[in-house]
Amino acid sequence: MLEIRDLTHSYDEHVALREVTLRIEAKSLVSIVGPSGCGKSTLLRCVAGLQAPTSGEVLLDGEPITGVPGDLAVVFQDYSRSLYPWLTARDNVALPLRRRGLDKATRRQKAMEALEEVGLIDTAGKYPWQLSGGMQQRVAIARALAFHPKLLLMDEPFGSVDAQTREDLEDLLLQIRASSDMTILFVTHDIDESVYVGDRVVVLGGPPGHVAADLPVILPGPREQIATRELPEFVALRAEVGRLVRGRLVERR
Ligand code: ADP
């Protein structure tokens with residue numbers, strides 16, 4: 001579905017990503033983890049068509065991405081800047097649906113359905129500044145859901161909320177993905193989170209950013225915050241990802 005081929009991106013002399021190659025299956029959730037500065041955001045911006053690669057290419061359903069794809073939604077870390085303060089939660093969610101060519105009543109109805117899916121039906125009429133950080137991020141997620149993108153990019157989406165809210169949002173993400181057919185690229189620097197939500201964890205090393213490892217996440221049973229994190233498979237995988245992120249195995253590979 002998404003193919004990144006030999007992607008290199010330089011900012012003037014500075015090589016941020018070097019020859020990154022990844023194939024992302026449709027409907028999968030791929031976590032991308034790596035230390036700060038290894039090029040995670042650069043990779044997402046190239047996939048979002050916001051930045052042209054210096055060399056290599058990104059293909060979406062076989063077509064090179066040359067501008068922002070129509071079937072894409074992005075959820076950023078900074079919800080306070082991604083929602084419009086003068087619009088209610090419902091209208092924030094409904095706004096991008098104009099790009100789908102839907103009439104106002106349908107836009108509002110779809111916005112309400114998406115807010116219901118993230119558990120915020122009762123706050124549809126409130127403004128972002130009347131909502132907690134976790135609720136604002138739920139609105140941002142509802143906005144992505146209502147749009148029904150084929151590809152959802154999430155850049156540290158739970159990085160600015162407290163630990164309990166973060167766990168709730170991780171579970172919301174797992175629930176959403178079970179009921180939708182989106183392909184999700186999920187960037188985080190939280191090692192446990194990358195394993196907990198992912199079907200696959202891609203570890204970026206660097207600089208310059210490169211794929212240090214690409215690990216499948218195979219865990220028995222449905223994921224649950226406490227039981228899953230106690231599983232020996234989870235503990236072993238998080239330790240491996242942790243070592244890779246800290247660069248201890250990268251030199252040997
Ligand atoms: P990450 O998201 O993993 O922290 P980034 O993609 O933000 O990494 O950055 C990768 C490298 O590219 C860093 O060294 C960063 O300083 C540099 N960089 C990022 N954006 C720019 C930019 N707009 N101009 C110049 N250098 C940049």
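A short reminder: the numbers here are calculations on the coordinates, not readings from a lab. Remember, predicted model here, so these are calculated numbers, not experimental data. So basically every Cβ, Gly included, is an ideal-geometry build from the backbone, and we count neighbours across all protein chains shown.
Starting from the range 86-178, pick out the chymotrypsin sites (Phe, Trp or Tyr not before Pro) whose DSSP state is loop and whose Cβ has at most 10 other Cβ atoms within 10 Å. Please list the in-between numbers first.
Details: sites: Trp86, Trp129, Phe147, Phe158; in loops: Trp86, Phe158.
Within the range 86-178, the qualifying chymotrypsin sites (Phe, Trp or Tyr not before Pro) (loop, at most 10 other Cβ atoms within 10 Å) are Trp86.
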Response to the item:
Taking every DSSP bridge whose two residues both lie in the chain, the antiparallel percent to the nearest 5 is 50 percent
Discussion item. Cross-link candidates for Lys104: which lysines have Cα within less than 21 Å, leaving aside residues fewer than 8 places away along the same chain?
Written reply: Lys126
Worksheet entry | Selected from Leu231, Gly221, Ile184, residue furthest toward positive end of dipole (the chain; charges at beta carbon) | Ile184
Item to complete: For the chain, find the longest principal axis of its Cα atoms and tell me its angle to the long axis of helix 232-245, 0 to 90°, nearest 10.
Response: 70 degrees
Practice prompt. Just check the chain against the gyration tensor rule for me: Cα atoms, a ≥ b ≥ c as the square roots of the eigenvalues, rounded for a/c under 1.5, and otherwise prolate or oblate depending on whether a/b exceeds b/c.
Written response: oblate
Worksheet item: Which of the listed residues, Leu43, Ser82, Val15, is farthest toward the dipole's positive end in the range 1-135, when Lys, Arg count +1 and Asp, Glu count -1 at the beta-carbon?
Response: Ser82
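I need to check one value: relative contact order of the chain, counting alpha carbon pairs closer than 8 Å and at least 6 residues apart, in percent. Write out the running numbers ahead of the final one.
On the way: 476 pairs, mean separation 64.7, N = 253.
Over the chain, the number comes to 26 percent.
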Worksheet item: For the residue pair Glu116 and Lys104, what label-to-label distance in nm results when each label sits 7 Å from Cα along the Cα-to-beta-carbon direction?
Response: 2.2 nm
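From the helices alone, meaning DSSP H stretches of at least four residues, give me the mean residue ellipticity at 222 nm for the chain, per-run term -39500 (n - 2.57), in deg cm²/dmol to the nearest 500. List each step's numbers first, then the result.
Details: 9 runs with 90 residues, N = 253.
Mean residue ellipticity at 222 nm (helix-derived): -10500 deg cm²/dmol.
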Discussion item. Taking a virtual spin label 7 Å from the Cα of Asp71 along the C-beta vector, which residues in the range 86-105 bring their backbone nitrogen under 17 Å of it?
Written reply: 99-101
Discussion item. Going by average Cβ density within 10 Å per residue, which order do the peptides 214-223, 19-28 take, highest to lowest?
Written reply: 19-28, 214-223
Worksheet item: To the nearest 20 debye, what is the magnitude of the charge dipole of the range 135-253 about its Cα centre, counting +1 on the Cβ of each Lys and Arg and -1 on the Cβ of each Asp and Glu?
Response: 360 debye
Item to complete: Mind jotting down the distance between the C-alpha centroids of the range 23-59 and the range 188-253, whole Å?
Response: 17 Å
